[in-house]
Amino acid sequence: MPEANHFSCITSIAGTGSYVPEKILTNQELEKLVDTSDEWITSRTGIKERRIAADDEATSDLASRAAEKAMEQSGVTAEELDLIIVATVSPDMFFPATACFVQRKIQAVNAVCFDISAACSGFLYALQIARHFVNTGSRTTALIIGAEKLSSMVNWEDRNTCVLFGDGAGAAIVRRDDDARNTSRRILSTVMYSDGNQTDILVVPGGGSACPITPENASEKLNTVRMEGREVYKYAVNAMRDAAEKALEAAGLGPDDVDMVIPHQANRRIIEAITDRLGIPSERVFVNLDKYGNTSAAAIAIALDEANRSGAIKKGDILLLVAFGAGLTWAATVIEW
Ligand code: ACO
């Protein structure tokens, strides 16, 4: 259901941060690993390279680096944080939550910490959860993070998937701001959806309780990403466009009001199909997937931080964030920056 900003106080984004690992894996390097080509990857997806975390670098390490930058930009100390939500499908471990590892690494001793699993929609889901906590007064200062080490979950022999994904993290500080006159970066509306009937088209089938990895099935690499790309593609275009329209409607706005779309960074063709149908020109669409590939829950968070720090978005701009991922899940959020 659409949710406009009917809360009595205003939730604002006080700062953003992101971190990507140093190691770059180019399309040319992938040509040596699987039967693919730079031409195929670039023309089908727009991706040129992606970042790969070091062996001793876990999702919580990427998340903590992004968090520190968001805290620094917003002037918020670790002690002030009273909520940490990490959106990830590549947690450090099944438990404890990756958010608890982040808590330890940044010493946010006063925070309540948990993870959410909504794949590529995770950052927008986390933003909405934090918004509810902050608006009810239950928490005042939330750290939300989208972080992934997808390189640990892809089958490096499967060209259908291994060329698509990358590692990274993005973060934002969500704060309560009761004085609307001083507020910028206000969340105006959010819509969220899920379709559990489509669990099979994008899935990591093994490694959980439904299908534990055993010595017998280990060679089948069931604990890596499986995707029916064409089905996901078709669903993604329709679902994201619909969510974008509904979120704009809930905010009392239309596509012409949007200054910048910050979409999930999975595939340039998907982004173009959605924004073409909305009638939003490419100069008002932020794309960085050429550098990072699909970093799932981190993708929108990294893009938002890059748009923020590069000056691509400025105070007062209307932003449309729109995501789609496994579940299936999808969501859209409108922010007045
Ligand atoms: N290099 C060369 N050829 C390839 C590669 C590759 N890396 N991958 C697949 N191919 C081949 C296929 O085998 C197929 O060959 P065939 O026709 O002989 O069978 C051919 O290319 C076409 O394959 P398609 O799957 O039809 O290619 P398509 O144009 O659909 O592009 C893609 C594939 C990029 C995966 C696209 O479908 C897509 O982007 N889907 C959506 C992905 C997405 O948005 N995911 C979001 C969520 S991710 C998450 O939640 C974690």
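The values are calculated or read from the model by the stated rules, or taken from the named source; none is laboratory data. Owing to the predicted nature of the structure, the values given are computational and were not obtained by experimental measurement. Using ideal geometry, Cβ is built from the backbone for each residue, glycine included, and neighbour counts are taken over all protein chains shown. Note: areas computed on protein heavy atoms with side chains; ligands, DNA, RNA excluded. Shrake-Rupley method; radii C 1.70, N 1.55, O 1.52, S 1.80 Å.
For this structure, a couple of remarks:
- Relative contact order of the chain, pairs being alpha-carbon contacts under 8 Å that are 6 or more residues apart, as %: 26
- Using θ = phi - 60° and Karplus 6.51 cos²θ - 1.76 cosθ + 1.60, couplings along segment 94-105 (whole Hz; Gly, Pro as x): 4, 8, x, 4, 4, 4, 6, 5, 4, 3, 5, 5
- Dipole-positive endmost among 331, 97, 119 within the chain (Cβ charges, Cα centre): 331
- Prolate/oblate/rounded call for segment 225-337, Cα gyration tensor, a/c under 1.5 rounded: oblate
- With contributions of -39500 (n - 2.57) from each DSSP H run of at least four residues, the per-residue ellipticity at 222 nm computed over the chain stands at -9500 deg cm²/dmol.
- Amide proton proximity set for residue 23, modelled H, under 5 Å, gap of 5+: 52
- Note, ³J(HN,Hα) from phi for segment 116-122, Karplus 6.51, -1.76, 1.60, rounded to Hz, x at Gly and Pro: 10, 10, 9, 6, 5, 8, x
- Contour minus Cα-Cα distance for residue 259 and residue 242 (0.36 nm per residue): 4.3 nm
- Solvent-accessible area of residue 204 with every protein chain in place, 1.4 Å probe, in Å² to the nearest 10: 60
- Once the Cβ-Cβ distance of residue 269 and residue 314 is raised to the sixth power relative to R0 = 22 Å, the FRET efficiency obtained is 0.15.
- Scanning residues 5 or more positions from residue 87 or on other chains, those with amide H under 5 Å from its amide H are 116, 145, 146, 147, with H placed 1.01 Å from N in the peptide plane.
- 3J(HN,Hα) along segment 215-232: x, 6, 9, 4, 5, 7, 6, 5, 8, 10, 5, 10, 9, 8, x, 5, 5, 4 Hz, from the Karplus curve 6.51 cos²θ - 1.76 cosθ + 1.60 with θ = phi - 60°, whole Hz, x for Gly and Pro.
- Dipole of the chain [Lys/Arg +1, Asp/Glu -1 at C-beta], most positive-end residue of 160, 25, 285: 285
- Rolled with a 1.4 Å probe across the full set of protein chains, the surface gives residue 186 an accessible area near 60 Å².
- Rounded, prolate or oblate (a/c below 1.5 giving rounded, otherwise prolate when a/b exceeds b/c) for segment 292-337 by Cα gyration tensor: oblate
- Theoretical gain in end-to-end length, residue 23 to residue 277 [0.36 nm per residue, Cα-Cα removed]: 87.8 nm
- In this structure residue 74 has an accessible area near 30 Å², from a 1.4 Å probe over the protein heavy atoms.
- Put a plus charge on the Cβ of each Lys and Arg, a minus charge on the Cβ of each Asp and Glu, and nothing anywhere else: the dipole of segment 10-182 about its Cα centre is then about 500 debye.
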